[in-house]
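A.B. asks: The structure is given below, and queries will be raised subsequently.
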Amino acid sequence: MNDRIEDLWGPRTPFAPGEQWPTRVDQHLADGLSDDDVQRWVQSASVLHSNGDALDIAVAGDRIVGVRGRAGDRVNRGRVDVKDLYGWQAGSSPDRLTRPLVREDGRLVEATWDTAMNRIVERSRLLLDEQGPSAIGFYTSGQLFLEEYYTLAVIAHGAIGTDHVDGNTRLCTATAAEALKASFASDGQPGSYTDIDHADTIALYGHNIAETQSVTWMRILDRLAGPNPPAIVCVDPRSTAVARRATVHLAPMPGTNVALMNGLLHQIIANGWVDREYIDSYTVGFDDLCRVVADYPPEHVSAVCGVPVEDIRHAARLLGTAERLMSTVLQGFYQSNQATAAAVGVNNIHLVRGMLGRPGCGLLQMNGQPTAENTRECGADGDLAGFRNWENDAHVSELAELWNIDKDRLPHENPPTHAMEIFRLAEEGTVRMLWISATNPAVSLPELARIRAILERDDLFVIAQDMFPNETTELADVVLPAAGWGEKTGTFTNADRTVHLSEKAVEPPGEARPDLTIFLDYARRMNFSDRDGNPLPPWTDAEGAFDAWRDCSAGRPCDYSGMSYELLRTRGGVQWPCTADSPDGTERLYADGRFWSAADYCESFGKDLVTGDPLDAEDYRALNPDSRALIKAVPHLPPPEVPSADYPFALITGRTVYHFHTRTKTGRAPELEQAAPEAWVEVNATDAARHGVHTGDVVEIASPRSAITATVRVGGIRPGVLFVPFHYGYWDADEDSGHHRAANELTITDWDAASKQPIFKMGAASLTLRAPG
């Protein structure tokens, strides 16, 4: 096989519009092994990004020895992302956590499971007696299985009664959910990856798909290599691989995305590139949109965003005249100023053009992690399970009946507590126990000095549940060793609603346990029970949890009632809704112009996109009496921090193709770590010359909060902007040297008003040479 570290997307398999994407099976086995050495192949899917690629795990001698893509799967047709191709090696890293750890005299020491769990139970009972459910918070991941999230939601919401539940999906996908709720009154991605196969125009907004979902980029590359290729519109301040293949590349100044979207919509409306029949039949709010975007002609938008007028006109023409338009959105919008409003602007283009529900007319508000969709479905992000509306009394009662508990046990008087608020409550001493599972907030959250200080508080009891030691486990009071991918069974759902089953391939090392087992053990030790005295949750294994979830999801937008483990084993990926009426799943939503937006059914009544204030039921009924899609728009507002004389650059953070989040896994895969071992800063060539720096130089990047050092890469980023990947902490660096490399030392504590997603892509920074390369 070719070297995929260098050849990231592999060879092309061109295809024409409307044809099926050809198969290409990628595979990587441990050195010296061949197919003949593999004793069995076990079904799974990708765990190091949100694409949902179907994989088979190679097993020999009771250990994982490689992976291959599954040729027949609808998502990847056999291809494998570079992180998954090599990242499986992390599971056998010698520094796996294999026994529980507890803090004694300031040090973490090995302990038995009984000792560790009893400490958690004793602290839980003490806090519940002293303060009640508000003392306990849970901060989870986008990398566990659906069954584990649902179990956690039942324990946190139903058994304990806390609304302090969220995941690191707040950092990557909260705006996707909020934008979908704003436009359609419910979560759920309307489009399908197969829309790439039909589209004549593909627009990527703040989405470096070539690195974040590289298999989907392979699909686009194969369309570009075939006959009648699609036009590409790219919105990104960096000159990425996507930008270099784009028909038109818009590189706005960070923090100006709403102005850009308003400008594009201004041109689409002014030129009459709208579907009036669709607008009049299926939407509300078009007149308000026209009023807002009237103030955003190309010349004004050019001045605000720093984008040439002709490029704005060109992009609008492509978007406005496309016969089959597909759009994707990711962190460049989600983690920036006015995140939800910008993402809703993309929804607005599809609504005014009637581009929903038909092949090639896909809209994907993307996810950043493999199971981010499941946190939202199951209520592990704070919302109610099954896309139920926490403001709808009937929905709360329905969920209480499903769990056989009194309705008053379910917190629903206030909006769910988002992650940044959970940490603020811990900072002020209200949240006094924080259970962190499968995430590393000591590297991934903004303004890290503050986050470390919170986790180190004497009055905060921190539980860290993970596969490996990291910056967060180092600060915990109890560390629980967790089983990883391939060491447990469960399902997960990708960004186009495709559900895959991942089977257990090998035993976890030492005493490590599946997250589901840990959560259920806690529930049993706490004697959680329903109103009939039965254990809560009642299930004992993954399949039991999945069957309970099927019942919970039945009749809701994310309906799994027609799925089973057996169906997923035989069919591979299946898209929800999957019901008795649609047993093969549902490829696209809203094909008939019917939305999940009826007031009695919808997941959300929406929020004010500027203030974040929720609408109440009465206001929503008046706004949308006919259960239509909602067109919303707001003016551009300046970001909370802008460049200044002392900090002349706009700083954005992001990812590299070789690593996932804080490198907990990918940093332990030799090929991936060797490909990107250190943090760097990308600098525009003009800016580099002005500051006297060159590729390979070591520089200090400072913000009003802190400073880090990194190596310069002079590249195609727009002038006035610096880019630093956020993956790097201090765990495997020399912390005492003063060589800080975590980008989030620099980022601000601020978030989008509607989605509560932190703003990682809008801050001010300076650049200073420290050592020539």
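The values are calculated or read from the model by the stated rules, or taken from the named source; none is laboratory data. Bear in mind that the values here come from a model prediction, so they are computed numbers and not experimental data. No Cβ is skipped: glycine too gets one built from the backbone with ideal geometry, and neighbour counts run over all protein chains shown.
A.B. asks: If residue 653 satisfies all but one of (1) within 28 Å of residue 416 (Cα to Cα); (2) in the same structural domain as residue 746 (by TED's automatic domain parsing); (3) assigned to a loop (DSSP other than H, G, I, E, B); (4) not acidic (Asp, Glu), what's the number of the condition it fails?
C.D. replies: (3)
A.B. asks: What are the residues in the range 52-100 that are within 26 Å of the chain's Cα centre (by Cα), among the acidic types (Asp, Glu) and not in a helix (DSSP H, G or I), if any?
C.D. replies: Correct list: 53, 56, 73, 81.
A.B. asks: Checking the structure you have, find out if any residue of the range 402-421 is in contact with a Leu (Cβ under 6 Å, 6 or more places away or on another chain) and surrounded by 23 or more Cβ atoms within 10 Å (Cβ to Cβ). Let's see the steps before the verdict.
C.D. replies: Step one: filter the range 402-421 for residues in contact with a Leu (Cβ under 6 Å, 6 or more places away or on another chain), giving none.
The answer is no, given that none of the residues of the range 402-421 is in contact with a Leu (Cβ under 6 Å, 6 or more places away or on another chain) and surrounded by 23 or more Cβ atoms within 10 Å (Cβ to Cβ).
A.B. asks: Give the residue, chosen from 299, 277, that is of a type outside the set (Lys, Arg) and over 20 Å from residue 356 (Cα atoms).
C.D. replies: Numbers: 277 fails: over 20 Å from residue 356 (Cα atoms).
Every option except 299 fails the conditions.
A.B. asks: Please determine, by comparing only the residues of the range 740-759 that are assigned to a loop (DSSP other than H, G, I, E, B) and within 16 Å of the chain's Cα centre (by Cα), which one is nearest to residue 723 (Cα to Cα).
C.D. replies: Here the answer is 759.
A.B. asks: Given 619, 600, 626, 592, which one is out of contact with any strand residue (DSSP E or B) (no Cβ under 6 Å at 6 or more places or on another chain), without any contact (Cβ under 8 Å) to a residue 40 or more places away in the chain and either outside any loop (DSSP other than H, G, I, E, B) or not assigned by TED's automatic domain parsing to the domain that holds residue 440 (or both)?
C.D. replies: 619
A.B. asks: Among 275, 287, which is the only one that is touching a residue at least 40 places away in the same chain (Cβ under 8 Å), among the acidic types (Asp, Glu) and not assigned by TED's automatic domain parsing to the domain that holds residue 714?
C.D. replies: Values: 287 fails: touching a residue at least 40 places away in the same chain (Cβ under 8 Å).
On inspection, the qualifying residue turns out to be 275.
A.B. asks: For the range 542-563, which positions are farther than 30 Å from residue 599 by Cβ and in contact with a helix residue (DSSP H, G or I) (Cβ under 8 Å, 6 or more places away or on another chain)?
C.D. replies: 542, 543, 545, 546
A.B. asks: Oh, and also: With respect to residue 672, determine if the residue is touching a helix residue (DSSP H, G or I) at 6+ places or on another chain (Cβ under 8 Å), more than 28 Å from residue 750 (Cα to Cα) and either at pLDDT below 95 or aliphatic (A, V, I, L, M) (or both). Explain how you work it out, then say what you get.
C.D. replies: Values: touching a helix residue (DSSP H, G or I) at 6+ places or on another chain (Cβ under 8 Å): yes; more than 28 Å from residue 750 (Cα to Cα): yes; either at pLDDT below 95 or aliphatic (A, V, I, L, M) (or both): yes.
So residue 672 fits the description; yes.
A.B. asks: With the structure loaded, tell me whether residue 672 is part of a helix (DSSP H, G or I), hydrophobic (A, V, I, L, M, F, W, C) and within 23 Å of the chain's Cα centre (by Cα) or whether it fails that test.
C.D. replies: Yes.
A.B. asks: Follow-up. Say we look at the range 519-565 and pick out the residues that are hydroxyl-bearing (Ser, Thr, Tyr) and part of a helix (DSSP H, G or I); which of these is nearest to the chain's Cα centre (by Cα)?
C.D. replies: Filtering the range 519-565 for residues that are hydroxyl-bearing (Ser, Thr, Tyr) and part of a helix (DSSP H, G or I), the one nearest to the chain's Cα centre (by Cα) comes out as 553.
A.B. asks: While we're on this one: Any residue at all in the range 471-481 that is assigned to a helix (DSSP H, G or I), free of Cβ contacts under 8 Å to residues at least 60 places away in the same chain, of a type outside the set (Lys, Arg) and touching a helix residue (DSSP H, G or I) at 6+ places or on another chain (Cβ under 9 Å)?
C.D. replies: yes
A.B. asks: Scan the range 171-189 and give yes if some residue there is modelled with pLDDT under 95, surrounded by 24 or more Cβ atoms within 10 Å (Cβ to Cβ) and not in a helix (DSSP H, G or I), otherwise no.
C.D. replies: Yes.
A.B. asks: Among the residues in the range 31-45, are any closer than 18 Å to residue 370 by Cα, modelled with pLDDT of 95 or more and in a loop (DSSP other than H, G, I, E, B)?
C.D. replies: Within the range 31-45, not a single residue is closer than 18 Å to residue 370 by Cα, modelled with pLDDT of 95 or more and in a loop (DSSP other than H, G, I, E, B).
A.B. asks: So, in the range 137-158, exactly how many residues are among the small types (Gly, Ala, Ser) and closer than 21 Å to residue 430 by Cβ?
C.D. replies: Counting residues in the range 137-158 that are among the small types (Gly, Ala, Ser) and closer than 21 Å to residue 430 by Cβ gives 2.
A.B. asks: Can you give me the ranges of the helices (runs of 4 or more DSSP H) entirely in the range 374-465 with at least 1 residues that are among the hydrophobic types (A, V, I, L, M, F, W, C) and over 30 Å from residue 538 (Cα atoms)? Before you say what the answer is, go through the steps one by one.
C.D. replies: On the way: elements: 393-403, 419-428, 441-444, 448-455.
Correct list: 419-428, 441-444, 448-455.
A.B. asks: Could you please find all residues in the range 341-383 being surrounded by fewer than 24 Cβ atoms within 10 Å (Cβ to Cβ) and either under 25 Å from residue 613 (Cβ atoms) or at pLDDT below 95 (or both)?
C.D. replies: none
A.B. asks: Residue by residue through the range 107-135, note down the ones that are part of a helix (DSSP H, G or I) and either among the β-branched types (Val, Ile, Thr) or modelled with pLDDT under 95 (or both).
C.D. replies: Here is the first cut: in the range 107-135, the residues part of a helix (DSSP H, G or I) are 113-130, 133-135.
115, 120, 121, listed by residue number.
A.B. asks: Here's another thing I want to ask about it. Is there a residue being in contact with a Leu (Cβ under 9 Å, 6 or more places away or on another chain), in a loop (DSSP other than H, G, I, E, B) and within 14 Å of residue 722 (Cβ to Cβ) anywhere in the range 608-615?
C.D. replies: No - not one qualifying residue is present in the range 608-615.
A.B. asks: Next question. Confirm whether residue 626 is surrounded by fewer than 16 Cβ atoms within 10 Å (Cβ to Cβ) and at pLDDT 95 or above.
C.D. replies: Working: surrounded by fewer than 16 Cβ atoms within 10 Å (Cβ to Cβ): yes; at pLDDT 95 or above: yes.
Yes; evaluated as a whole, the condition is true for this residue.
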